[in-house]
Amino acid sequence: MFLIVSKYLIPKGYSGMTVFPFIILKSKHYKYNKATVNHEKIHIRQQLELLILPFYIWYFSDFLIKIIIYRDRNKAYRNIVFEREAYANEKNLDYLKERSFWKFLYYV
């Protein structure tokens with residue numbers, strides 16, 4: 001995992017994103033936000049479990065389905081299965097130590 005800080009790579013309204021093996025954060029401030037970094041580390045684990053490419057296919061397919069369901073980009077994003085797991089557990093800094101394999105399926 002590599003941490004990169006770049007305000008130019010992060011879409012407006014977001015603090016960070018993960019593109020295996022990189023965690024990209026909008027500003028240095030987020031490097032010190034343990035919940036934000038943990039959220040992105042959860043995505044690293046999800047990507048590894050799905051062997052990276054299938055993760056992105058599932059992620060974007062889920063987003064498109066949720067756009068149709070909710071007709072709201074933000075609500076669709078927050079309800080992507082991978083985001084649901086990451087948001088639900090970002091403040092639990094021990095989550096990745098206790099997390100079972102493919103735990104994101106619990107959030108489908």
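Here, each number is a calculation from the coordinates, and none is a lab measurement. Worth saying up front: this structure is predicted, and the values here are computed from it rather than measured. So basically every Cβ, Gly included, is an ideal-geometry build from the backbone, and we count neighbours across all protein chains shown.
Here are a few things to note about the model shown:
- Proximal charge balance of L25 [Cβ under 11 Å; K/R count +1, D/E count -1]: +3
- The chain: calculated mean residue ellipticity at 222 nm from DSSP helix runs of at least 4, using -39500 (n - 2.57): -15000 deg cm²/dmol
- Each Lys or Arg adds one and each Asp or Glu takes one away; over the other residues whose Cβ falls under 12 Å from the Cβ of A76, this sums to +3.
- Ordered by the number of other Cβ atoms lying within 10 Å of each residue's own Cβ, fewest first, K41, K97 fall into the sequence K97, K41.
- Neighbourhood net charge (12 Å Cβ-Cβ; Lys/Arg +1, Asp/Glu -1) for I4: +3
- Loop-located trypsin sites (Lys or Arg not before Pro) in the range 1-36, at most 13 other Cβ atoms within 10 Å (DSSP): K7, K12
- Counting every pair of alpha carbons in the range 36-79, the share spaced more than 14 Å apart comes to 55 percent.
- Annotation for the range 37-108: chymotrypsin sites (Phe, Trp or Tyr not before Pro) lying in DSSP loop with at most 15 further Cβ atoms inside 10 Å of their Cβ are F101, W102.
- Calculated FRET efficiency for the pair V5/L48, C-beta based, R₀ 22 Å, to 0.05: 0.45
- Note on K31 and R73: with the Förster distance fixed at 25 Å, the Cβ-Cβ geometry gives a FRET efficiency of about 0.40.
- Kyte-Doolittle at least 0.5, axis length at least 18 Å by Cα - qualifying DSSP helices, the chain: 53-70
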